[in-house]
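Read through the structure below, which is laid out as structure tokens, and then see the notes.
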Amino acid sequence: MNRPVSAWRRFTQTVGWPALAAVAAWVGFSRHLVGTDGSHVLIYVLTLVPVLLIAGVMALAVPLRRKQVISARASAWFFFALGWGLVLGLFLPDEAAGPTAVVSVLFGEGWQGAESAVSNPAAVIMVFSMSMAAVFAWLDSRPGGPVRTHDEDHAQGTGYYPVLGE
């Protein structure tokens, strides 16, 4: 049974590509906008940006290649990751004396302590979330779809479990 494709999923499929490119550029070059780009820009451009782009392209392209639209849960993970990418671009520090992140330049040196305190978890959450988007896009667009068959459900919890002492 094919369900109608929701507007949310169509929105992700059309807006996802430019949004992914914009967030990747934001993560790589946000400090350049405020003039604080230093030696770490190359590191960010060669690590964080490719990981974001590769997982994001997989999340968007795999369903298209299988002639489907991205699933709702993959779409949710995708935009969750992009949101954390925006946060990461705001707080990503660089090597220099004084404030280097966009928020600390715009809002004052009081934000300097938040640069690495926010950017480290934001990078981890962004990479994890985009990886989850790619995984769910792959799983949900495979032939047979995301729903397990009755045989798989019936086999759950049956069999011999030596750990339980049966």
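Take the Cα of I43, step 7 Å toward its Cβ, do the same at F29, and the gap between the two points is 2.2 nm. Remark: region 20-79 carries 50 Å² of accessible area per residue (probe radius 1.4 Å; ligands, DNA and RNA excluded). With a 1.4 Å probe and every protein chain kept in, tell me what percent of the accessible surface of region 17-109 is carbon plus sulfur. The value for region 17-109 is 74 percent carbon and sulfur by accessible area. Between A21 and A114, the contour length at 0.36 nm per residue exceeds the Cα-Cα span by 30.9 nm. Solvent-accessible surface of region 81-136, taken per residue with a 1.4 Å probe and all protein chains present: 43 Å².
Region 1-111: D in µm²/s via Stokes-Einstein (Kirkwood Rh, Cα pairs, 20 °C, 1.002 mPa s)?
Details: Rh = 15.3 Å.
Using the Kirkwood radius from Cα pairs, D works out to 140 µm²/s.
The values are calculated or read from the model by the stated rules, or taken from the named source; none is laboratory data. Predicted model, so just to flag it, every value in this text is computed and none were measured. We place every Cβ from the backbone using ideal geometry, glycine too, and count neighbours over all the protein chains shown. These accessible areas exclude ligands, DNA and RNA; they are computed on the full protein's heavy atoms, side chains included. Shrake-Rupley method; radii C 1.70, N 1.55, O 1.52, S 1.80 Å.
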